[in-house]
Amino acid sequence: ANENAYKAAFMWYMRRKRGDRDFTPEELESVMRNEAPGSPDLAILSFDKGFHGRLLGCLSTTHSKPIHKLDIPSFKWPVAPFPKLKYPLADHVAENRMEEQRCLGQVDKILSTSSTPIAGVIVEPIQAEGGDNSASPEFFQGLRSLTSRHNVALIVDEAQTGV
């Protein structure tokens, strides 16, 4: 499912960029050589410790265990920090809020400065494979706000959480 979500994010991004015009002959020819402009250089931003699958594109966004990725070529897509919350949550409200803001700041910086256009951001509500990591509803609302402001797709991968 994530591979298809990546493809949908890329097509959505390029459709907005292209507008209503048809594909050009150059796009139709270059794509068959895996070259731009038909095969554009685009990226999906992911988070450290995330697991999004073992297919080729998904491995480029998986950062949970090295064994999943060894010897496999990958896209050079950006990775943002996922909040490392302190527990019990009620005892660390201010620290955890600062940690989530730090991570959102890094996402904003990557979305603003990446030399490769970012078409989408993928995140797990609970990182199960990379540890039992979660974030607050406010973090995910902030992430949605950032992706909306930067006009990129937000892909929520919840397969292992059972949501």
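The values are calculated or read from the model by the stated rules, or taken from the named source; none is laboratory data. Computed from a predicted model, the values in this text were never measured in an experiment. FYI the Cβ positions are ideal-geometry reconstructions off the backbone, even for glycines, and counts take in every protein chain you see. Please note that ligands, DNA and RNA were not included when accessible areas were found on the heavy atoms of the full protein model with its side chains. Shrake-Rupley method; radii C 1.70, N 1.55, O 1.52, S 1.80 Å.
Which residue, of Phe82, Phe75, is open to solvent by 80 Å² or more (accessible area, probe 1.4 Å), of a type in the set (Phe, Trp, Tyr) and in contact (Cβ under 8 Å) with a residue 24 or more places away in the chain?
Phe75
If I go through region 12-24 residue by residue, how many of them are over 15 Å from Asp41 (Cβ atoms) and either open to solvent by 90 Å² or more (accessible area, probe 1.4 Å) or among the charged types (D, E, K, R) (or both)?
The total comes to 7.
Can you tell me which residues in region 31-49 are assigned to a loop (DSSP other than H, G, I, E, B) and of a type in the set (Lys, Arg)?
Result: Lys49, single match.
Do you know which residues across region 15-49 are in contact (Cβ under 8 Å) with a residue 40 or more places away in the chain and out of contact with any Gly (no Cβ under 6 Å at 6 or more places or on another chain)?
Scanning region 15-49 gives Arg16, Pro40, Asp41, Leu42, Ala43, Leu45, Ser46, Phe47, Asp48.
Here's a check for you: in region 104-158, which residue that is touching a residue at least 12 places away in the same chain (Cβ under 8 Å), closer than 24 Å to Leu89 by Cα and part of a helix (DSSP H, G or I) is most open to solvent (accessible area, probe 1.4 Å)?
The extreme case among them is Glu138.
Scanning region 11-30 for residues that are in a helix (DSSP H, G or I) and basic (Lys, Arg), which turns out farthest from Ile155 (Cα to Cα)? Give the derivation first.
In the first step, residues of region 11-30 are kept if they are in a helix (DSSP H, G or I); the result is 11-18, 25-30.
Filter once more, so that each one left must be basic (Lys, Arg): 15-18.
On the way: Arg15: 18, Arg16: 18, Lys17: 20, Arg18: 22 Å.
Filtering first and then ranking leaves Arg18.
When you scan region 50-69, how many residues do you find that are touching a residue at least 24 places away in the same chain (Cβ under 8 Å), β-branched (Val, Ile, Thr) and open to solvent by 20 Å² or more (accessible area, probe 1.4 Å)?
Of the residues in that region, 0 qualify.
Have a look at Phe47, Phe51, Phe23 and point out the one that is of a type in the set (Phe, Trp, Tyr) and modelled with pLDDT under 95.
Only one candidate passes the filter, namely Phe51.
Hey, can you tell me all the residues within region 58-76 that are touching a Ser or Thr at 6+ places or on another chain (Cβ under 9 Å) and within 23 Å of Pro125 (Cβ to Cβ)?
Matches in region 58-76: Leu59, Ser60, Thr61, Thr62, His63, His68, Lys69.
Of the residues that make up region 105-122, is at least one over 12 Å from the mean Cα position of the chain (by Cα) and modelled with pLDDT under 95?
Checked region 105-122: no residue is over 12 Å from the mean Cα position of the chain (by Cα) and modelled with pLDDT under 95.
Quick check on His52: is it in contact with a Lys or Arg (Cβ under 8 Å, 6 or more places away or on another chain) and part of a loop (DSSP other than H, G, I, E, B)?
Here the answer is no, as His52 does not meet what is asked.
Can you report the number of residues in region 85-100 which are in contact with a Pro (Cβ under 9 Å, 6 or more places away or on another chain) and open to solvent by 80 Å² or more (accessible area, probe 1.4 Å)?
So the first thing to find is which residues in region 85-100 are in contact with a Pro (Cβ under 9 Å, 6 or more places away or on another chain), and the list is 96, 99-100.
Applying the additional criterion that residues be open to solvent by 80 Å² or more (accessible area, probe 1.4 Å) yields none.
Here the count works out to 0.
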